[in-house]
1. Looking at GLU165, GLU126, which one is over 24 Å from the mean Cα position of the chain (by Cα) and among the charged types (D, E, K, R)?
2. Among the residues that make up the range 169-177, is at least one of them part of a strand (DSSP E or B), in contact with a Pro (Cβ under 6 Å, 6 or more places away or on another chain), crowded, with 17+ Cβ neighbours inside 10 Å and in contact (Cβ under 8 Å) with a residue 12 or more places away in the chain?
3. Specify the residue that is surrounded by the most Cβ atoms within 10 Å (Cβ to Cβ); the eligible residues are those in the range 89-103 that are touching an Asp or Glu at 6+ places or on another chain (Cβ under 9 Å) and modelled with pLDDT of 90 or more.
4. If you scan the range 17-36, which residues turn out to be over 13 Å from VAL73 (Cβ atoms) and either part of a strand (DSSP E or B) or touching a Pro at 6+ places or on another chain (Cβ under 6 Å) (or both)?
5. Report, by residue number, each residue of the range 149-164 that is closer than 19 Å to HIS99 by Cβ, touching a helix residue (DSSP H, G or I) at 6+ places or on another chain (Cβ under 7 Å) and of a type in the set (A, V, I, L, M).
6. Residues of the range 30-69 being over 12 Å from LEU170 (Cα atoms), aliphatic (A, V, I, L, M) and at pLDDT 95 or above, which ones?
7. I'm trying to understand the selection: among the residues of the range 201-211, which are farther than 18 Å from ASP179 by Cα and at pLDDT below 95?
8. Picking from LEU184, LEU137, LEU189, which residue would you name as being crowded, with 19+ Cβ neighbours inside 10 Å and either in contact with a strand residue (DSSP E or B) (Cβ under 8 Å, 6 or more places away or on another chain) or part of a helix (DSSP H, G or I) (or both)?
Amino acid sequence: MTAPAAPAKPPVVEFRNVTVRFGDFVALHDVSFRIEDVPNRGEFVTMLGPSGCGKSTVLNLIAGFQQPTSGEVLLHGVPVGGPDSDRGMIFQQYSSFPHLTVLGNVTFGMELDRSAGRLSAKGRHERAMDLIAQVGLSGHEGKYPHQLSGGQQQRVAIARSLAVEPRILLMDEPFSALDEPTRLEMQELVVGLWNRIQPTIFCVTHSITEAVYLGERVWIFCTRPGQIVYDIRDAIPQSPGLTPMAAQELPAFKQAAKVVGEAFRKVGDSKRAAPSR
């Protein structure tokens, strides 16, 4: 006799007909999507679109910083009620605590944990030191944020977000304030961490090449109202260890960037052609 199939797991993230309004402005309109729960494999979703199209609003809804005007936002089948440690967020502006060292910043979230599974002081220190090493800041543990470069401060933010082992990592234009060489380094760092740790990642960017390099799925939004109009999957084959510069030389990358770029331009053209309201 065949055993009954195991029930399907609920999606990691699911939006059901989500609309968000700020007064008369519609930030998101009737947005639905599912990010499936695949064992040991979090998806990496990058989001492109014009300003005001709802990309950051999607992150804020998942983070629990705001609620939809209508529709449902579910994490593992449960409505989002507010922020929690299962979601980490990294912002465009550096968000380290200025009065704490690198080590203090990375351990901060773990210090607040009051759950039964809380690590001991020794365990928290060891985990923090391991993450500091993984983001390439060994030897900087005792430095304060003002003693670090912009790229180093974002490395601290990434390590701090990962310290509490979030299942979902939300990134809102995290590298836009960095110079190009540092930005490429950070892209490679994040892909390496994602391959090792496997959280589900949502990343907002305005760079087509960054979206293609980072994302397994590339979403392109339109504005007025904000909606996902393109969902481009597997734009390029995932190749662990491939640097952004090397990836950009591949014919598959150039073709993917062309496809994404053309879709992005169509969104921009439709916005310009739309009558003003």
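1. Numbers: GLU165 fails: over 24 Å from the mean Cα position of the chain (by Cα).
Going through GLU165, GLU126 in turn, just one is over 24 Å from the mean Cα position of the chain (by Cα) and among the charged types (D, E, K, R): GLU126.
2. For the range 169-177, residues part of a strand (DSSP E or B), in contact with a Pro (Cβ under 6 Å, 6 or more places away or on another chain), crowded, with 17+ Cβ neighbours inside 10 Å and in contact (Cβ under 8 Å) with a residue 12 or more places away in the chain: present.
3. Checking each candidate, the answer is VAL102.
4. ARG21, PHE22, PHE25, VAL26, ALA27, HIS29, ASP30, GLU36 - these are the residues of the range 17-36 that are over 13 Å from VAL73 (Cβ atoms) and either part of a strand (DSSP E or B) or touching a Pro at 6+ places or on another chain (Cβ under 6 Å) (or both).
5. Those that are closer than 19 Å to HIS99 by Cβ, touching a helix residue (DSSP H, G or I) at 6+ places or on another chain (Cβ under 7 Å) and of a type in the set (A, V, I, L, M): VAL156, ALA159, ALA163.
6. VAL31, ILE35, LEU48
7. To start, the set of residues in the range 201-211 that are farther than 18 Å from ASP179 by Cα comprises 201-203.
Within the range 201-211, none qualify.
8. Details: LEU137 fails: either in contact with a strand residue (DSSP E or B) (Cβ under 8 Å, 6 or more places away or on another chain) or part of a helix (DSSP H, G or I) (or both); LEU189 fails: crowded, with 19+ Cβ neighbours inside 10 Å.
Only one candidate qualifies: LEU184.
The values are calculated or read from the model by the stated rules, or taken from the named source; none is laboratory data. Being a predicted model, the structure only gives us computed values, none of them experimental. No Cβ is skipped: glycine too gets one built from the backbone with ideal geometry, and neighbour counts run over all protein chains shown.
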